[in-house]
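Here is the structure we will look at, set down as structure tokens.
The values are calculated or read from the model by the stated rules, or taken from the named source; none is laboratory data. Just so you know, these numbers come straight off a predicted model, no measurement behind them. Note: ideal-geometry Cβ built from the backbone for every residue, glycine included; neighbour counts use all protein chains shown. Ligands, DNA and RNA are excluded from the accessible area calculation, which covers all protein heavy atoms including side chains. Shrake-Rupley method; radii C 1.70, N 1.55, O 1.52, S 1.80 Å.
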Amino acid sequence: MADFDFSEAEIHRYARHILLREVGGAGQAKLKAARVLIIGAGGLGSPLALYLAAAGVGTIGIIDPDVLELSNLQRQIAHTTGRIGALKVESAARAMREINPLVDVKTYPFKLDAANAAGLIADYDVICDGTDNFETRFLLADACVAGRKTLVSAAVLRFEGQLSTFKPHADPDGPCYRCLYPEPPPDGLVPSCSEAGVLGAVTGVMGTLQATEVLKEIMGIGESLSGRLIIWDALTMSFRSVRLKKDPECKLHH
Ligand SMILES: [Zn+2]
């Protein structure tokens, strides 16, 4: 382990990772060197933040403009009742630091927009979409293609979740988010969780699957989800995997 410049405490902390042949000291060192940006400190962002911090991802940024409300706590498990009224990014940062003080957490208490997206994602290797609105989702997806960043994207509604990875810069045959959804749906056509509801544990499952894919992308292990969409129905407890193809007419011309 001396080759990887870990302290005794780090070797203890990450012992169950280092035991894994696919991870080992080399994989753990990749996690320590990695920089991951989480968009949204909510139902998906909570398990993302907790598992990525626990895993020893060296730098984790989290962006969300909102303050914590009582109705968030049914699913947003990085937060606590006592922190209602606090900025969600500060609450999530506190949870991450309590799990793993070795992680460098950066907080951005504002909305991702066209003016700041490119600059923000430039500082990170892997980007996680845990947003709850199409405007931010499309803005982020386009910025990731332009900035050549790997985007691990999850979405939840009611009892269902979706997950995929988009990295056309690294997978020339791979789709981007716009190859799947060329344009945002008309306003009001697809309800949000605040309109239609979501089972809290469904966000936990999807955020945890998303965290797993982020860790795999960082370490380069297993099969990437680029080119595949996972659809999970919690009511029937069934997973489907759908092939996604690059759209030769994609407006992003990747
Ligand atoms: Zn595309």
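Worth pointing out:
- Within the stretch 219-236, the set of residues being surrounded by fewer than 23 Cβ atoms within 10 Å (Cβ to Cβ), touching a strand residue (DSSP E or B) at 6+ places or on another chain (Cβ under 6 Å) and hydrophobic (A, V, I, L, M, F, W, C) comprises L229, I230, I231, W232.
- When the stretch 22-53 is filtered for residues that are under 19 Å from V89 (Cα atoms), open to solvent by less than 10 Å² (accessible area, probe 1.4 Å) and in contact with a Phe, Trp or Tyr (Cβ under 9 Å, 6 or more places away or on another chain), the ones remaining, listed by number, are V36, L37.
- Residue in the stretch 211-220 that is under 19 Å from the mean Cα position of the chain (by Cα), of a type outside the set (K, R) and more than 16 Å from V57 (Cα to Cα) present: no
- The set of residues in the stretch 135-160 being farther than 15 Å from A117 by Cα and either more than 14 Å from the ligand (Cβ to nearest atom) or touching a Cys at 6+ places or on another chain (Cβ under 6 Å) (or both) consists of V152, A154, A155, V156, L157, R158, F159, E160.
- The stretch 169-185 - residue that is surrounded by 13 or more Cβ atoms within 10 Å (Cβ to Cβ) and touching a helix residue (DSSP H, G or I) at 6+ places or on another chain (Cβ under 7 Å) and, of those, farthest from E249 (Cα to Cα): P184
- Among residues of the stretch 104-129 that are in contact (Cβ under 8 Å) with a residue 40 or more places away in the chain and farther than 15 Å from P65 by Cβ, those with a beta-carbon under 7 Å from a residue that is assigned to a strand (DSSP E or B) and of a type in the set (K, R) at least six positions away or on a different chain give the pairs D123/R35; Y124/R35; D125/R35.
- When the helices (runs of 4 or more DSSP H) confined to the stretch 161-254 are screened for residues that are within 16 Å of the ligand (Cβ to nearest atom) and in contact (Cβ under 8 Å) with a residue 60 or more places away in the chain, those reaching at least 2 such residues are found at 177-180.
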